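The values are calculated or read from the model by the stated rules, or taken from the named source; none is laboratory data. Quantities reported herein were computed from a predicted structural model and do not represent experimental measurements. Glycine also receives a Cβ, built like all others from the backbone with ideal geometry; neighbour counts cover every protein chain displayed. Heavy atoms of the whole protein, side chains included, go into the accessibility calculation; ligands, DNA and RNA do not. Shrake-Rupley method; radii C 1.70, N 1.55, O 1.52, S 1.80 Å.
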Amino acid sequence: MDSASPAPWRRATVVAALMLAAFTFNTTENLPVGLLPLMADDLRVSLAAVGALVTGYGLTVAVGSLPLAHTTRSVPRRYLMTGLLAVLAVASWLSALTAVSYGLLLAARVATALAQALFWAVMGPVAVGLFPPRRRGRIIGLLSVGGSLATVAGVPAGTWLGGHSGWRVPFAVLGALAVVALVAVAVLLPTSRPQESHSAYGAAPDRRRFLVVLATTALSVTGAFTGFTYITAFLDEVSGFGRDAVSAVLLAFGAAGLAGVTVAGPLLDRCPRATLAVPVAGQAAALLGLYAGGSSQVATVVLLMLLGASVGPVFMATQSQVLLVAPGRTETALAANSAAFNVGVAAGALLGGALLPSAGTRGAFLAGGLLTVGALVVLARPNPQDPPQKSRDSVSVEH
C-alpha cells in the first residue's frame, strides 16, 4: 500500500479509530471523578486518594509529553500508535481486576497517562498526514469531537455503568474499546517514517507565533479551570441550584462543548486565527458573566453553555495553529501545547482553591475571566513581521 495515498475508506477508518481512541483515553482520564465514592469504599482509601488518581494523571501527562515525543520521533507511527493503544487496553483491564490494590491501580493510571501524553502529541500529525494539507483543520476538528464525546457521553455512561455493575466494569469496557481502535490502526495505518509526511513539520514555521499559541493555551486553560473546577459549589452557593439540577446543568455544558467543536472544526482551515480568537473571547465573556450574573439561574445556564461552547474549540484551535506554525517537528510542538494545557488545569485548580477562603467561588470565576482576557491580549498583539493573513493562509494550503 502506498503510504502517501491510502484508499479513502482506509483513511476514514483510521480517523474513526483515532476518534475512538481519543474518546477512550479522555473517558479513562476522568472516569474516577464519577466513581469516587465507589472506588474509595472498595479500595478502602480516602476520597482524596481516589481524586489523586485524576490529578496525578494530568500531571503525568504534563511532565511526560515533551520527553516522550522527543524520544520516539523516529519510530514509525503505525507501530507507535499500536503500542500506545496496547498500553491503554492492558492498563484498563489491569484496573478492572478484582484483586487490584490502590498501588497497582495507581501504576496502571501512570502507564495510561504516559501513553496518553504521547498519543495526543502524535495523533494529529498521523491523521492529518493521511489527507491533503488543506484539510488539516477539518481532521483536527473530527478528532476533537471524539475527545469531547468523553465528557458528554463517556464519563456519564461509565458512571451509570459503575453504579449498577461495580466500578471495575467500565474500565473493562474501555479496554475493549481500546482493542477495537488498536486493530484498526495496526491493520490500516500505513508504515512510513514520520519525517516523510507533510504533517511532520509546520506548514508556515513561526517561532514567535508558536510561543503566542502556547501562552494562549496556558492562560486560557488556567483561567477556565480557576473557576470551573469549583462549578458544583458555585451552582449551589451562588446560583441556588439543588443537587438534582446540577447534573442537568453540567450535561448542558458538555453538550454545548460538543456542539462548539463540531461547528468550529470545519472553519479551522478557512479562518485559522478567528477560530481561536472568538472562543477565547467567548470564554472570557462567560467567566466574567458568571461572576457578575451568576445569581440568576437562567443567566447561569446560558453562560455555562457559552463557556462549554468556547473551552473545547480553544484547545482544538491551538492544536491546529501549532500544526501550522511549529518551528520544528510537529509532534514535539503538540506535546508542548499538551503540556501547557495540563499545567493550566493544575494551576487553575490550585489558584481557584487558594482564592476560595477570601473571595469565594464568584471570586474564582472573576480571576479566571481576567486570566482569559490576558490570553486574548496576548493573542491580539500584532507582529510587525507577519505577512498578510491571506498570504499565510495560502502557504498553509499549498505547502
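Here are some notes:
- Lone qualifier among Leu114, Leu149, Leu130, Leu143 - being assigned to a helix (DSSP H, G or I) and open to solvent by less than 30 Å² (accessible area, probe 1.4 Å): Leu143
- Val155 being in contact (Cβ under 8 Å) with a residue 60 or more places away in the chain, open to solvent by less than 40 Å² (accessible area, probe 1.4 Å), part of a helix (DSSP H, G or I) and closer than 30 Å to Arg270 by Cα: no
- Some residue of region 325-339 being outside any helix (DSSP H, G or I), modelled with pLDDT under 90 and more than 16 Å from the chain's Cα centre (by Cα): yes
- Test: Val169 is without any contact (Cβ under 8 Å) to a residue 40 or more places away in the chain and over 30 Å from Ser74 (Cβ atoms): no
- On inspection, Gly369 does not qualify as of a type outside the set (S, T, N, Q), on the phi > 0 side of the Ramachandran plot and out of contact with any Lys or Arg (no Cβ under 8 Å at 6 or more places or on another chain).
- Top-ranked residue of region 98-111 - restricted to ones that are small (Gly, Ala, Ser) and part of a helix (DSSP H, G or I), ranked as nearest to Arg77 (Cα to Cα): Ala111
- Subset of region 355-371 that is in contact with a helix residue (DSSP H, G or I) (Cβ under 9 Å, 6 or more places away or on another chain) and open to solvent by 30 Å² or more (accessible area, probe 1.4 Å) - its residue that is nearest to Leu323 (Cα to Cα): Leu371
- Residues in region 17-32 that are in contact (Cβ under 8 Å) with a residue 24 or more places away in the chain and closer than 24 Å to Ala99 by Cβ: Thr24, Thr27, Thr28, Glu29, Leu31.
- Conditions (1) within 21 Å of Ala349 (Cα to Cα); (2) hydrophobic (A, V, I, L, M, F, W, C); (3) touching a helix residue (DSSP H, G or I) at 6+ places or on another chain (Cβ under 6 Å); number of the one not met by Ala252: (1)
- Residues that are under 18 Å from the mean Cα position of the chain (by Cα), under 21 Å from Leu143 (Cα atoms) and surrounded by fewer than 24 Cβ atoms within 10 Å (Cβ to Cβ) do not occur anywhere in region 279-293.
- Filter result (assigned to a helix (DSSP H, G or I) and buried (at least 16 other Cβ atoms within 10 Å of the Cβ)) within region 201-212: Arg209, Phe210, Val212
- Residues (free of Cβ contacts under 8 Å to residues at least 24 places away in the same chain and buried (at least 17 other Cβ atoms within 10 Å of the Cβ)) located in region 53-99: Leu94
- With respect to being within 28 Å of Ala359 (Cβ to Cβ), free of Cβ contacts under 8 Å to residues at least 40 places away in the same chain and aliphatic (A, V, I, L, M), Ala256 falls outside the description.
- Residue in region 39-50 that is open to solvent by less than 10 Å² (accessible area, probe 1.4 Å), touching a residue at least 24 places away in the same chain (Cβ under 8 Å) and touching a helix residue (DSSP H, G or I) at 6+ places or on another chain (Cβ under 9 Å) present: yes
- For region 173-200, the tally of residues that are assigned to a helix (DSSP H, G or I) and either open to solvent by 40 Å² or more (accessible area, probe 1.4 Å) or touching a Pro at 6+ places or on another chain (Cβ under 8 Å) (or both) stands at 14.
- Qualifying residue in region 343-364 (condition: under 18 Å from Ala69 (Cα atoms) and either within 15 Å of the chain's Cα centre (by Cα) or not in a helix (DSSP H, G or I) (or both)): yes
- The helices (runs of 4 or more DSSP H) found wholly in region 217-298 and carrying at least 3 residues that are among the small types (Gly, Ala, Ser) occupy 243-264, 274-293.
- Ala16 vs. criteria hydrophobic (A, V, I, L, M, F, W, C), under 19 Å from the mean Cα position of the chain (by Cα) and buried (at least 20 other Cβ atoms within 10 Å of the Cβ): no
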